[in-house]
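We did not get these values from a lab; they are worked out from the coordinates using the rules stated. The structure presented is a predicted model; accordingly, all values stated were derived computationally and were not measured. Backbone-built Cβ (ideal geometry, glycine too); neighbour counts: all protein chains shown.
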Amino acid sequence: MKKRFTVNILTVLTAGLFAACGATPVEKKEPSAKTRDSLPLLFPKQQSRIVVMEAPGTVRYDSRNRAVLPSRVAGRIEKLHVRYNYQPVRKGQLILEIYAPELVAAQRELLSVSNDPAMKELALRKLALMGMPETLAAEVLRTRQVRVTIPLYSNADGYILEESLAAAAAAPSTAAPAPSPGGDAMGNMGAAAPMAASAAPAPTQSPVMLREGQYVSAGQNLFSIYKTGRMIAEFALPAEVASAVGPGSRVLVAGNGMQGELKSAAIDLLEPLYANGEKFSRARVYLNGNYPAGQLLTAYIPVLFREGSWVPVSAIVKLGQENVVFRKEGADYRAVPVRTGARAGGLVQLFDEMQAIAANAAYIADSEGFIKPDAVTSSHP
């Protein structure tokens, strides 16, 4: 009986406690002015700024630093010692052997006049003009044996390429650049920054189209040899960066395989291009050293921007092709369109004079909101 009485009392007290809690109204705290105004504001000032911009690029051959390997005599390719394009060769290396009936006749003529010094000198000169080395001519005189084929040797150190492909490889590509990926690391040139696609494509070791048994004519250029030691690096620059640099501007070049080493160079040529609705420029830099063709490089270019102010990237909201900032007006924020320029180091160049703008636009506009420039948005809580 006592136990049942105790349980009833606990039940009554619990019910009364819940009733008392439900009867007491919950006090709703209004956001204070301190919470409403806690969003940092920016007051940018017009100032000059030196920014180190990054530009992607690739290495390609210098078409002015090549040697042409022609055939000095008409005949048939008897033996070919080159198997693929861009094969490395050394100076004096045997490239191919040509069977030439005219050369055989000239050697027999040399043997027939070998006792006459004057005629012998003329016959040797004729063989030299046909491409026969002096050592081989002397061997013909010594052995009294006619050589059926004439060798063709490399005249430079470098990478050999068929002449039919050399013209296409020497001409730089004018393909439109692809947009660079997002990100705000130092030197990011924005969404419209050209990539290294504007440079010449990396060479591929395709098979040589010349075949043994194929006939060649006298004076026909068979191969081109791109000499090593001087290469070209091409970098794609957006319009806002290209307008601040020019021929002679110094750059620092880094790339894969350079062990973090930076090499100083200068822009030799700045070529403006327009493709797929984008304006950009191709900067050409001559490099001294042994760089493989197709190697990816990065150029660090110090650029002096004399106009505009600089604000964090977080203060800008990109609406398609339009950029807006949120300017505080009283207790509200207004979306205002602005003109922007280069991006570097997490900062954006701002050409319009703006005051009291939100440092982080993400706190103003949510992912599901609709932003209309020049329209007052809801107050920041």
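Between LYS91 and ASP62, what is the spin-label point distance in nm, taking each point 7 Å from the Cα along the Cα→C-beta axis?
Label at LYS91, label at ASP62, 1.6 nm between them.
Which distance in nm do the two modelled labels at LEU252 and VAL148 give, with both placed 7 Å along the Cα-to-Cβ direction?
Here the modelled spin labels are 6.3 nm apart.
Which distance in Å, rounded to a whole number, links the C-alpha centroids of region 206-235 and region 310-358?
For region 206-235 versus region 310-358, the Cα centre distance is 54 Å.
I'd like the distance separating the alpha-carbon centroids of region 69-88 and region 262-309, in whole Å.
Going from one Cα centre to the other spans 37 Å.
In the neighborhood of GLN107, defined by Cβ-to-Cβ distances under 11 Å, what is the net charge if each Lys or Arg adds +1 and each Asp or Glu adds -1?
On the way: positive: ARG108, LYS126, ARG144, ARG147; negative: GLU102, GLU109, GLU139.
Taking every Cβ under 11 Å from that of GLN107, the sum is +1.
For a 31 Å ceiling on Cα separation, which of these pairs sit above it: LYS120/LYS227; LYS45/LYS263; LYS91/LYS126; LYS279/LYS328; LYS227/LYS279? Provide the component values of the computation, followed by the final result.
Numbers: LYS120/LYS227 37 Å; LYS45/LYS263 35 Å; LYS91/LYS126 24 Å; LYS279/LYS328 34 Å; LYS227/LYS279 33 Å.
In this structure, LYS120/LYS227; LYS45/LYS263; LYS279/LYS328; LYS227/LYS279 lie more than 31 Å apart at Cα.
Could the peptides 235-245, 330-340 be put in order, highest first, of the mean number of other beta-carbon atoms found within 10 Å of their residues?
On the way: 235-245: 22.7, 330-340: 15.9.
Top to bottom by mean Cβ count within 10 Å: 235-245, 330-340.
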